[in-house]
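Notes follow once the structure below has been shown.
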Amino acid sequence: VEISSSYLTYIGSPAIQAIIRNITQMKKNLNEAAKFQQKYIEGTSPFPEKLEMESLYMPSRTVSGDFFKLYKVNQNLVIGIIGDVSGKGIRAALNVSAFFVLFREAILISDTPSQIVKFLNKKIVDYLGDNHYIAACCFSLDFKENKAKIIGAGINQFMFQRSKHSAEEIIVKGPFLGMFENGIFDEKTIHFEEGDKFYFPTDGLEFIFDDNELKQNYLKSHTIPEFITYLKNTLNNTINDGDALKDDSTIIALEIK
């Protein structure tokens, strides 16, 4: 059950009005939506012989508006996206599902992040309607040319770490998908080598950009599985101090083999 109450004056005297709601069915629907979401969230590398992948996916409540996906296009190319849809609950789950349909369609049309983002930007309004924007970061990893391309669309920060060096915060400017029909999205190109790492978080984990100790020292001496465990423990401690996370928290950590 869920109980809400308010103070009021009733027949000249102070009183409390309490409303008790049976939310059993609502909880059941949310749990089903959460299970539905999990089918679309794959935490394994699409290219295990060339790319190590670790991820963290922690909804603020039962259902998350965050999502991520990596596709192996061919023997040399991986396309990835991480994002956050507006809305909560079952509506968020449905919006994420609709977005994945659009993303798969975009990859069939083009395998470059810039064209994928432009396609998604035009299609979002048709599928989700006005005032339903999506924050995203789309990227490609070309193992033939050892080159990454990253596009910012509402998620405008990521970290890149050369092997045995400190992590560097990188900005890629761009509006939310669906916000402006002719939006301009910045692209960053990075040439990578074995041992280099990429970190793509949603806004629930933006605090990592302000942690200089983490960027300068911690990531140099820890593996990406250890880093994900560290973040998970940090978020669990936050939950222990309250009843839920303030926001959905998701990150992809990638290491070139």
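Computed from backbone phi with θ = phi - 60° and the Karplus coefficients 6.51, -1.76 and 1.60, the 3J(HN,Hα) list for region 185-195 is 10, 5, 10, 10, 10, 10, 8, 10, 9, 4, x Hz; x is used for glycine and proline.
Partner lysines whose Cα lies under 18 Å from the Cα of Lys164, excluding those fewer than 8 positions away in the same chain, are identified as Lys197, Lys215, Lys220, Lys257.
Ranking Gly195, Leu219, Leu102 by how far each Cα lies toward the positive end of the dipole of the chain (charges on Cβ) leaves Leu102 at the top.
Taken as entire DSSP H runs, the helices of the chain that both span 15 Å or more between Cα atoms along their own long axis and average 0.0 or more on the Kyte-Doolittle scale are 89-109, 113-128. Each Lys and Arg contributes +1 and each Asp and Glu -1, all at the Cβ; summed about the Cα centre of the chain, the dipole is approximately 620 debye.
I need the Kirkwood Rh of the chain: take the reciprocal of the average 1/r across all distinct C-alpha pairs and report it in angstrom. Display every interim value, and only then the final one.
Numbers: mean 1/r = 0.0508 Å⁻¹.
Across the chain, the inverse of the average 1/r is 19.7 Å.
Computing FRET efficiency as 1/(1 + (r/R0)^6) for Lys246 and Lys220, where r is the C-beta to C-beta distance and R0 is 41 Å, gives about 0.90.
Can I get the semi-axes of region 96-248's equivalent ellipsoid? Compute them from the C-alpha gyration tensor as square roots of 5 times the eigenvalues, in angstrom, largest first.
On the way: eigenvalues 161, 96, 32 Å².
Output for region 96-248: semi-axes of 28, 22, 13 Å.
Taking Cβ atoms as reference points and 15 Å as the exclusive limit, the residues near Leu214 contribute a net charge of -3, counting Lys and Arg as +1 and Asp and Glu as -1. For the chain, adding -39500 (n - 2.57) for each run of n ≥ 4 DSSP H residues and dividing by the number of residues yields -9000 deg cm²/dmol at 222 nm. What is the extension gain from Ala15 to Ser97, computed as 0.36 nm multiplied by their sequence separation minus the C-alpha to C-alpha distance, in nm to one decimal? Fully extending the segment from Ala15 to Ser97 adds 24.9 nm.
For region 160-245, divide the Cα radius of gyration by the Kirkwood radius and give the resulting Rg/Rh value with two decimals.
Working: Rg = 15.8 Å, Rh = 15.2 Å.
Ratio of gyration radius to Kirkwood radius: 1.04.
With distances taken between every two different alpha-carbon atoms, region 98-153 has a Kirkwood hydrodynamic radius of 11.9 Å. The slack between Ser114 and Lys28, meaning 0.36 nm per residue of separation minus the straight C-alpha distance, is 27.0 nm. Both radii are taken from the alpha-carbon atoms of region 58-185; with Rh as the Kirkwood radius, Rg/Rh is 0.98. Element breakdown for the chain at a 1.4 angstrom probe: carbon and sulfur atoms account for 49% of the accessible area.
The values are calculated or read from the model by the stated rules, or taken from the named source; none is laboratory data. Everything quoted here is computed from the prediction, not taken from an experiment. Cβ coordinates were reconstructed from backbone atoms using ideal geometry, including for glycine residues, and neighbour counts include every protein chain displayed. Each accessible area value is taken on the protein alone, full model and side chains, heavy atoms only, with ligands, DNA and RNA left out. Shrake-Rupley method; radii C 1.70, N 1.55, O 1.52, S 1.80 Å.
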